[in-house]
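For reference, the structure discussed in these notes is given below.
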Amino acid sequence: MPIHRIDRFIESKYGIIDRLIEGGIYLFIIFLFITKGEGIRNILLFTNFFLWLITFKYRKNKCTLVEPVSLLFWGNIISIILSVVFSIDMLYSFSELEGDFSKSLLLFPVLSTILSDEKRLRRFIYVSFFILFFTTSAGIYSFLIHGISIQKIDTPLRHAMHNRFARDLNSLLPFAIVLLFITRGLMSRILIFVVIFASIATLIISMSRGGIIAFLIIFCSWVIYSLRKNEMNLKFILASIIAAFLFIGTILYCLSPDIRDRISYTESAITTLNERTPAWMPVIYAGAERPLFGWGYGGKIFRMDLPFEKTPFKVTPFNPGLKNPHNTFLSKLFHQGIVGLILYLALLIVAVMAFWKKAHSTHGLKSYILIACTSILVGNYFVHSMAEVVHFRYLTLILGVGIATLNINSENSNCP
């Protein structure tokens with residue numbers, strides 16, 4: 001078939017293809033938070049990107065891909081490639097690109113352009129609420145079946161340790177708060193609040209100190225936002241949520257010896273960040289040996305002794321309880337060097353500033369989603385990242401949604 005006929009056919013079916021991509025995005029996000037189903041996720045991801053690519057020339061919002069936040073995202077992608085090129089095990093690092101890297105690379109442009117529509121963002125909020133309901137249900141199920149001391153989610157569909165579970169809840173709860181604001185029916189609001197109430201309870205039961213601190217930071221972001229917005233409804237909802245958090249926390253503290261013991265050791269745990277800090281100094285010393293582009297992309301590099309041979313530590317700090325540096329920023333320094341670390345920090349800072357500023361200069365759904373993205377970036381990707389290494393694809397999801405929201409009804413939606 002001649003190329004011009006193919007072009008005409010794609011153009012005539014553009015609307016149908018666009019809706020197919022939208023549906024594929026929602027399905028991918030659902031499976032992203034379900035730890036099983038890697039094959040399904042890959043099929044959805046590559047299919048969505050292929051359909052998006054063949055319709056790219058007809059899209060009117062291509063400028064979203066060259067905004068400051070987007071450019072810094074591409075800069076991070078380039079820094080990963082440079083880390084592969086200069087890796088001490090190039091073949092291994094290259095093979096690792098098929099994981100987190102490829103998912104982030106293919107997800108970002110699709111999210112940031114396809115979801116740049118108010119109706120689609122509303123549907124995304126409902127999808128997020130469904131995932132929050134599922135995730136919370138999995139937490140309650142695991143608690144009832146396995147008991148609180150297991151500190152993980154363990155169901156036929158989902159398996160996650162408590163810190164990962166807490167990060168997922170913190171990635172979803174802000175969008176549930178958005179749903180509270182845009183829903184008008186009393187019964188619907190009660191249902192949403194019950195799910196938020198249960199989610200906070202499972203977050204506390206998870207006993208992830210980093211997750212609980214991140215939640216408080218996320219909530220503080222909303223409180224600061226509400227103080228600058230003259231909306232009594234907003235202030236009432238936030239006050240209700242914090243009251244629920246304090247009430248649930250108090251009840252669980254009184255009823256659960258495990259939670260009391262966990263809290264009693266909080267001061268010493270913060271000092272050593274649950275014994276994560278022993279990996280930090282070796283990583284810093286190793287990073288200083290190859291400061292520009294790091295030692296190479298992929299977790300296996302951290303398990304090698306070679307990066308640490310010329311440091312005072314001589315061998316890798318890796319052990320069964322310390323499988324990575326447990327600090328996203330130090331992990332960037334070790335694997336991608338100072339170039340990767342600076343680009344990553346710049347991406348987070350610029351995104352927070354852009355989303356926060358626009359959230360205060362607009363209103364309604366756009367403002368709420370932007371403050372949700374801002375709070376998640378601060379809570380999960382600044383605070384919680386100090387004690388965990390987070391996957392880049394989850395950050396990509398928040399960035400993509402934020403960029404899409406920035407460009408609702410924007411002049412950038414009509415790029416040449």
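The values are calculated or read from the model by the stated rules, or taken from the named source; none is laboratory data. Note that this is a predicted model, so its numbers are computed, not measured. FYI the Cβ positions are ideal-geometry reconstructions off the backbone, even for glycines, and counts take in every protein chain you see.
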Entirely in the stretch 198-286, the helices (runs of 4 or more DSSP H) that have 1 or more residues that are in contact with a helix residue (DSSP H, G or I) (Cβ under 6 Å, 6 or more places away or on another chain), small (Gly, Ala, Ser) and at pLDDT 70 or above: 209-227, 232-255
Mind listing just one residue for me: the one in the stretch 178-228 that is of a type in the set (Lys, Arg) and in contact (Cβ under 8 Å) with a residue 12 or more places away in the chain and, of those, farthest from Phe133 (Cα to Cα)? Arg228
Taking the stretch 319-330 and keeping residues assigned to a loop (DSSP other than H, G, I, E, B) and touching a residue at least 24 places away in the same chain (Cβ under 8 Å) leaves Gly321, Lys323, Asn324, Pro325, His326, Asn327
Residue among Val127, Val84 that alone is in a helix (DSSP H, G or I), over 21 Å from Arg290 (Cα atoms), among the hydrophobic types (A, V, I, L, M, F, W, C) and assigned by TED's automatic domain parsing to the domain that holds Thr64: Val127
Inside the stretch 183-242, can you point out the residues that are of a type in the set (S, T, N, Q), buried (at least 16 other Cβ atoms within 10 Å of the Cβ) and over 24 Å from Leu121 (Cα atoms)? Thr202, Ser206, Ser208
Consider only pairs whose beta carbons are under 9 Å apart and that are at least six residues apart or on different chains; among these, list those whose first residue lies in the stretch 366-380 and is in contact (Cβ under 8 Å) with a residue 60 or more places away in the chain and of a type in the set (D, E, K, R) and whose second residue is assigned to a helix (DSSP H, G or I) and surrounded by fewer than 24 Cβ atoms within 10 Å (Cβ to Cβ). Lys366/Glu118; Lys366/Leu121; Lys366/Lys358
Scanning the stretch 298-317 residue by residue, those without any contact (Cβ under 8 Å) to a residue 24 or more places away in the chain and either in contact with a helix residue (DSSP H, G or I) (Cβ under 7 Å, 6 or more places away or on another chain) or not in a helix (DSSP H, G or I) (or both) turn out to be Asp305, Glu309, Lys310, Lys314, Val315
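Being outside any helix (DSSP H, G or I), among the hydrophobic types (A, V, I, L, M, F, W, C), under 18 Å from Val339 (Cβ atoms) and modelled with pLDDT of 90 or more, is that true of even one residue in the stretch 52-72?
Within the stretch 52-72, none of the residues are outside any helix (DSSP H, G or I), among the hydrophobic types (A, V, I, L, M, F, W, C), under 18 Å from Val339 (Cβ atoms) and modelled with pLDDT of 90 or more.
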Pairs only if they're at least six apart or on different chains, beta carbon under 6 angstrom, first in the stretch 125-141 and of a type in the set (Phe, Trp, Tyr), second at pLDDT below 90; list them, first residue then second. Tyr141/Thr155
Going through Val389, Val383 one at a time, which residue ends up being modelled with pLDDT of 90 or more, under 17 Å from His326 (Cα atoms) and more than 11 Å from the chain's Cα centre (by Cα)? Val383
Look at the stretch 294-335 and say how many of its residues are in contact with a Leu (Cβ under 8 Å, 6 or more places away or on another chain) and surrounded by fewer than 21 Cβ atoms within 10 Å (Cβ to Cβ). 1
